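Data block below; observations after.
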Amino acid sequence: MGSSASDELIGTWVSGWAGARGYESRHEGRVHAALRHDTSGDWEYVIYEPSNEELVAVAETLHKHPKRRLTAFANETSSLIEAAQTAGLKVLNSDEVLMVTEMSGHDVEEPRPADGFAFQIERDQSHAYISVHPVDEPEVVAASGHVSAVNGYAIFDRIITAPEFRRRGLGSLTMRALVSLALEHDVEEGLLIASIDGQQLYQSLGWTDLGNVVLFEGTHES
């Protein structure tokens with residue numbers, strides 16, 4: 001794979017991300033979509049390097065449906081944001097990046113929980129969820145994450161460490177555990193969307209940037 005993302009790759013990411021979260025998803029040409037029933041209750045469109053025409057068309061839909069959003073992937077964001085704003089879209093977040101890793105470079109051995117913590121794992125055919133709990137407070141979730149296996153890719157999602165449990169290595173522990181679960185499937189590369197807070201962790205674990213991610217909404221002008 002080259003140094004940049006592609007439309008096919010983004011479609012794979014959407015399938016894994018939506019599957020892990022239980023979202024209904026659609027793929028119509030270059031426009032992918034997921035129904036975010038747990039947050040906005042409406043559709044989020046996902047497009048790789050949208051054209052001006054695509055931005056205009058999505059903007060018209062977002063104006064009519066204020067809860068809908070557009071996630072756009074691009075290698076260079078300044079021209080994307082300028083074109084989107086010209087089409088009547090507003091930036092909600094431009095701090096995230098799409099990251100990739102070669103799965104063969106990761107340890108296949110399942111890590112052991114840190115002292116005082118225990119793993120809980122739920123899985124079905126292509127998805128797995130892991131949570132880390134203090135042994136003396138099993139109802140408390142200290143860290144958690146999802147992984148989905150789709151078309152040879154492992155899609156990682158919602159890697160979260162609770163604020164009071166940060167700086168204890170639980171984030172990297174969760175990632176290693178998810179990698180071991182993903183490697184039970186025939187996967188060659190891993191994909192995830194990383195926030196500013198997460199990028200340093202993933203870089204330390206061997207992940208590299210693949211492209212930028214920008215979230216837009218309509219301006220909802222009357």
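The values are calculated or read from the model by the stated rules, or taken from the named source; none is laboratory data. Model, not experiment: these values are computed from the prediction. Glycine also receives a Cβ, built like all others from the backbone with ideal geometry; neighbour counts cover every protein chain displayed. For accessibility, only protein heavy atoms count, side chains too; no ligands or nucleic acids. Shrake-Rupley method; radii C 1.70, N 1.55, O 1.52, S 1.80 Å.
Within the accessible area of region 100-206, the carbon and sulfur atoms contribute 44%, probe 1.4 Å, all protein chains present.
Any chance you could tell me what percent of the C-alpha pair distances in region 65-126 go past 13 Å? I get 78 percent for the Cα pairs in region 65-126 exceeding 13 Å. Only DSSP H runs of four or more residues enter the estimate; each adds -39500 (n - 2.57), and after division by the residues of the chain the mean residue ellipticity at 222 nm equals -8500 deg cm²/dmol.
Excluding ligands, DNA and RNA, the accessible surface per residue across the chain is 51 Å² with a 1.4 Å probe.
Evaluated at q = 0.07, 0.13, 0.18 Å⁻¹, the base-10 log of the normalised Debye intensity for the chain, with identical point scatterers placed on the Cα atoms, takes the values -0.23, -0.77, -1.30. For ASP38 and LYS64, the difference between the fully extended length at 0.36 nm per residue and the C-alpha to C-alpha distance is 7.3 nm. DSSP loop GluC sites (Glu not before Pro) in region 86-129 with at most 11 other Cβ atoms within 10 Å of their Cβ, which ones? Here the sparse-neighbourhood loop sites are GLU109. Only protein heavy atoms count here; on that basis, with a 1.4 Å probe, THR77 has an accessible area of about 40 Å². Restricting the trypsin sites (Lys or Arg not before Pro) of region 143-222 to loop positions (DSSP other than H, G, I, E, B) with no more than 14 neighbouring Cβ atoms within 10 Å leaves ARG166, ARG167.
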